[in-house]
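Colleague: The structure follows.
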Amino acid sequence: MSGDAELRLGIIGIGKVGLTHLAALKSLKDTGLLNIEINAVSDSDIGKSKEAAKEFNVPSVYDDHIDLINDANVDIVYICTPTSKHTDMVKEAARANKAIFCVKPIAHSCPQVRDLNAVALASSVPTSAGLVLRYDPFLLYAKRLIEKNDFGKPLLANIRDDQHFPLEQEEYSQWRSDTSVPGGGILLHQGIQDIDVLSWFFGDIVNVYAQVGFYSESGVEDQASLIMRHEDGTTSTINLVWHWLERPNERKIEFFFEKGLIEIILESGSTHLDYHIRGEEPVRINSENTEQVLLEHLDLSSDNLALDIHETLSNAGINKQLALNYSFLKAIQSGETPYPSFQEAVLAHKIVDAAYESSNKQTPIDIL
Ligand SMILES: NC(=O)c1ccc[n+]([C@@H]2O[C@H](COP(=O)([O-])OP(=O)(O)OC[C@H]3O[C@@H](n4cnc5c(N)ncnc54)[C@H](O)[C@@H]3O)[C@@H](O)[C@H]2O)c1
């Protein structure tokens with residue numbers, strides 16, 4: 001695809017996540033950085049797609065997703081539907097030779113995701129997995145800190161990820177209460193991002209031991225604890241819980257090294273990063289310090305961008321969703337492999353599956 005060719009999109013599933021992507025894509029389009037046209041939306045609830053089409057000025061509305069996939073004005077398909085629907089939609093989009101963005105989790109199990117990755121590769125269509133934390137500005141800041149400072153060997157990485165029980169929140173969707181649709185609970189839906197972050201920072205996971213708990217009547221796990229070993233010998237742990245407390249969702253990330261510590265709080269409304277290098281004063285980093293790192297990561301810093309575009313981008317509120325979408329679409333435009341693609345999702349799903357197996361068998365599982 002040539003540099004300024006039109007990127008013609010269609011979005012299936014106009015729920016919470018679909019709307020988030022629509023808004024991010026609209027902001028991106030408004031910056032003028034990419035020539036984006038959102039040409040079609042589809043939702044089984046036609047009212048939702050009609051409303052979104054009106055708000056975002058989208059010309060075509062379909063109640064059957066297959067019509068969107070076959071629309072000649074759509075080259076890139078976003079799949080933002082409940083999890084059990086992804087498999088058929090990915091296969092249909094690949095068959096129609098359309099580039100595919102699919103939210104995480106891609107499917108219920110690793111073999112299914114591997115199959116979808118193979119289908120996409122066989123059709124030579126680019127894929128993107130919604131592993132959006134790879135574009136979190138605080139995590140990118142942490143990456144840069146580690147690259148630029150001598151933190152020494154990693155000793156322990158821990159992520160505690162807590163959320164209010166989804167089914168009790170009004171804004172959560174009823175499909176989550178039928179276990180055959182989500183296919184899993186907090187481990188599959190939330191933990192997959194934490195697993196992906198830890199592999200990104202510390203390399204492939206080679207062994208996992210997990211305990212998965214079912215405290216509610218929902219039929220899917222609402223607690224999971226994982227102990228993992230990475231290829232470089234680092235030990236990492238993840239503790240996940242859905243609870244009933246009145247508190248904002250929060251991810252607390254702690255990376256202990258021989259010579260320093262990085263702590264990051266995400267999503268709680270008091271998002272920040274603290275780091276402490278041995279022998280130096282602790283430092284706190286807030287969001288105003290991280291935007292520049294994200295822009296540089298995307299090659300969009302003021303050094304290589306016209307000032308007016310840089311300003312429009314900053315005003316649009318550069319965030320991880322916008323960054324993920326920009327990176328995916330830019331890769332399509334330049335003929336590169338998007339990152340993270342279904343390939344990275346396969347690896348994360350492999351660990352999720354191993355964690356379920358470990359808990360069922362009450363034994364650590366080697367990742368082959
Ligand atoms: N960070 C992330 O990437 C992230 C965060 C939350 C949820 N998710 C995932 O995103 C997906 C959607 O979650 P959500 O919270 O937006 O759910 P939602 O219920 O808010 O939205 C899903 C939408 O899909 C529509 N839909 C259902 N079946 C359809 C079909 N066959 N064709 C067209 N539309 C259909 C529904 O009517 C609804 O509007 C899930 O797989 C979820 O696990 C990803």
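The values are calculated or read from the model by the stated rules, or taken from the named source; none is laboratory data. All figures in this text were calculated on a predicted structure; none of them were measured in a lab. Cβ sites come from the backbone with ideal geometry, for glycine too, and all protein chains shown count toward neighbours. Note: areas computed on protein heavy atoms with side chains; ligands, DNA, RNA excluded. Shrake-Rupley method; radii C 1.70, N 1.55, O 1.52, S 1.80 Å.
Colleague: Do we have any residue at all in region 350-359 that's in contact with a Pro (Cβ under 8 Å, 6 or more places away or on another chain) and among the hydrophobic types (A, V, I, L, M, F, W, C)?
Modeller: Yes, region 350-359 has at least one match.
Colleague: Give the residue, chosen from Leu198, Leu155, Leu140, that is under 17 Å from Asp274 (Cα atoms) and in the same structural domain as Gly233 (by TED's automatic domain parsing).
Modeller: Selected residue: Leu140, the only one of Leu198, Leu155, Leu140 that is under 17 Å from Asp274 (Cα atoms) and in the same structural domain as Gly233 (by TED's automatic domain parsing).
Colleague: In region 33-51, what count of residues is obtained for those that are within 9 Å of the ligand (Cβ to nearest atom) and out of contact with any strand residue (DSSP E or B) (no Cβ under 8 Å at 6 or more places or on another chain)?
Modeller: 3
Colleague: Write out, first by first residue and then by second, each pair whose Cβ atoms fall under 7 Å of each other, whose residues are 6+ apart or on separate chains, and whose first residue, in region 52-72, is assigned by TED's automatic domain parsing to the domain that holds Lys98 while the second is surrounded by 15 or more Cβ atoms within 10 Å (Cβ to Cβ) and among the aromatic types (Phe, Trp, Tyr).
Modeller: Leu68/Tyr62
Colleague: Let me ask another. Determine whether region 222-235 contains at least one residue that is of a type in the set (Lys, Arg) and out of contact with any strand residue (DSSP E or B) (no Cβ under 6 Å at 6 or more places or on another chain).
Modeller: No, region 222-235 has no match at all.
Colleague: Still on this structure, I have one more. Quickly run through region 3-32 and pick out the residues that are more than 11 Å from the ligand (Cβ to nearest atom), closer than 20 Å to Asp67 by Cβ and open to solvent by 10 Å² or more (accessible area, probe 1.4 Å).
Modeller: Arg8
Yes/no per residue for (1) away from the ligand (no atom under 13 Å from the Cβ); (2) in contact with a Cys (Cβ under 6 Å, 6 or more places away or on another chain); (3) closer than 26 Å to Ala99 by Cα; (4) outside the structural domain of Lys361 (by TED's automatic domain parsing):
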site: Asn117; (1), (2), (3), (4): yes, no, yes, yes
site: Ser123; (1), (2), (3), (4): yes, no, yes, yes
site: His189; (1), (2), (3), (4): no, no, yes, no
site: Tyr215; (1), (2), (3), (4): yes, no, no, no
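Colleague: Let me confirm something: among Asp178, Asp161, Asp115, which residue is closer than 30 Å to Leu261 by Cα and not basic (Lys, Arg)?
Modeller: Sole residue among the options that is closer than 30 Å to Leu261 by Cα and not basic (Lys, Arg): Asp161.
Colleague: Just for region 21-63: of the residues that are at pLDDT 95 or above and of a type in the set (Val, Ile, Thr), which one is nearest to Ala323 (Cα to Cα)?
Modeller: Ranking the qualifying residues of region 21-63, first place goes to Ile36.
Colleague: Being open to solvent by less than 10 Å² (accessible area, probe 1.4 Å) and hydroxyl-bearing (Ser, Thr, Tyr) is the filter; apply it to region 72-107 and report the residue that is nearest to the ligand (Cβ to nearest atom).
Modeller: Thr83
Colleague: Only one of Ala52, Ala72, Ala107 is of a type in the set (Gly, Ala, Ser) and out of contact with any Asp or Glu (no Cβ under 9 Å at 6 or more places or on another chain); which?
Modeller: Ala72
Colleague: Might you check whether a residue that is more than 9 Å from the ligand (Cβ to nearest atom), more than 29 Å from Ile309 (Cβ to Cβ) and part of a loop (DSSP other than H, G, I, E, B) occurs anywhere in region 52-71?
Modeller: Within region 52-71, one or more residues are more than 9 Å from the ligand (Cβ to nearest atom), more than 29 Å from Ile309 (Cβ to Cβ) and part of a loop (DSSP other than H, G, I, E, B).
Colleague: Would you please name the residue that is modelled with the lowest pLDDT, looking only at residues in region 150-175 that are within 11 Å of the ligand (Cβ to nearest atom) and buried (at least 18 other Cβ atoms within 10 Å of the Cβ)?
Modeller: Going through the qualifying residues, I end up with Pro166.
Colleague: Among (1) in a helix (DSSP H, G or I); (2) closer than 25 Å to Thr20 by Cα, where does Asp303 come up short?
Modeller: The single condition Asp303 does not satisfy is (2).
Colleague: Here's something else I'd like to know. Among the residues of region 120-154, how many are part of a helix (DSSP H, G or I) and under 22 Å from Leu324 (Cβ atoms)?
Modeller: 17
Colleague: Among (1) more than 18 Å from Asn35 (Cα to Cα); (2) part of a helix (DSSP H, G or I), where does His310 come up short?
Modeller: Of everything listed in (1) more than 18 Å from Asn35 (Cα to Cα); (2) part of a helix (DSSP H, G or I), His310 misses just condition (1).
Colleague: Now for a separate question. Quick check on my filter: what residues within region 155-171 are in contact (Cβ under 8 Å) with a residue 40 or more places away in the chain and part of a loop (DSSP other than H, G, I, E, B)?
Modeller: Phe165, Glu171
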